[in-house]
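Heads up: the structure comes next, in structure tokens.
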Amino acid sequence: DPRIIIYNDQYVVSSTDLEKRFPVITIWDLNYNFVKLVDYSKSDYYGSLYFPNQMEKNWCPFEHLGRLYVHTDTCPIWRVLEVELDTGKMRKEVEINSSVLFQDEAALYLRCSTSWKVYDDMHYICGLHTKSKRRLAPSFYSVLVLIDRTTLLPVQITDVLCFEPKQHHRIQFLSGLEVEPWHIVLAYGLSDCEVVLRRVPKRKLKFNLI
């Protein structure tokens, strides 16, 4: 599940190494030539030298104030870390219990989907996803979230997005977004076999206060 951004005129790709069961960064130049691989610091993430035997994935890098950050967790902890790209060292910028942030219990099971993009002067925007256990609902569903550019905390959230209402896809997975002056462009997958790009007017997005 790679997440890709352009940072300092290079492609920064965050993906999970299946053998290490932990995300890594690969850096490529703009001509798609491999530059280097950087391991995220496990000890900086876990805060100790004890590493649980669990798979970490869906880490989403983004640029903030000219520096590289990564959104690693939404539930049960909203966690954002600054990353030193040369070494993989990380510093925790935000770490707060998600139950303090989200009033809707269903939101407490959200996970990272897309890297953050500047939405307006006050907010970033990103996509989040979660699994649904309801039989007739998509196996994955997504929401969009506005994030305060000062605190790096979520402040507004959409209702569940249904990308293809006239078709039944058990997997509707939001994988990327881009922001234009009057629109956002969403990239999403359908049933793990089709990729779709859709341009949505900002005026049609309905955000609710968290």
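The values are calculated or read from the model by the stated rules, or taken from the named source; none is laboratory data. Note that the coordinates shown come from a computational prediction; the quantities given were computed from them, not determined experimentally. Don't worry about glycine lacking a Cβ; one is built from the backbone with ideal geometry, like all the others, and counts go over all protein chains shown. These area figures cover heavy atoms from the full protein model, side chains too; ligands, DNA and RNA do not enter into them. Shrake-Rupley method; radii C 1.70, N 1.55, O 1.52, S 1.80 Å.
Worth pointing out:
- Qualifying residue in region 8-21 (condition: within 19 Å of R111 (Cα to Cα), of a type in the set (S, T, N, Q) and in contact with a Phe, Trp or Tyr (Cβ under 6 Å, 6 or more places away or on another chain)): yes
- Per-region count, region 68-89, residues of a type outside the set (S, T, Y), in contact (Cβ under 8 Å) with a residue 40 or more places away in the chain and in a strand (DSSP E or B): 6
- Scan region 100-157 for residues that are modelled with pLDDT of 90 or more, outside any loop (DSSP other than H, G, I, E, B) and over 22 Å from Y188 (Cβ atoms) and the total you get is 2.
- Odd one out for T72, checked against (1) among the hydroxyl-bearing types (S, T, Y); (2) modelled with pLDDT of 95 or more; (3) open to solvent by 20 Å² or more (accessible area, probe 1.4 Å): (3)
- Residues within region 16-67 that are in contact (Cβ under 8 Å) with a residue 40 or more places away in the chain and hydroxyl-bearing (S, T, Y), tallied: 4
- Members of region 173-195 that are over 20 Å from K117 (Cβ atoms), in a strand (DSSP E or B) and touching a residue at least 12 places away in the same chain (Cβ under 8 Å): L190
- Whichever residue in region 14-39 is open to solvent by less than 20 Å² (accessible area, probe 1.4 Å) and closer than 14 Å to W59 by Cβ and, among such residues, is nearest to the chain's Cα centre (by Cα): S14
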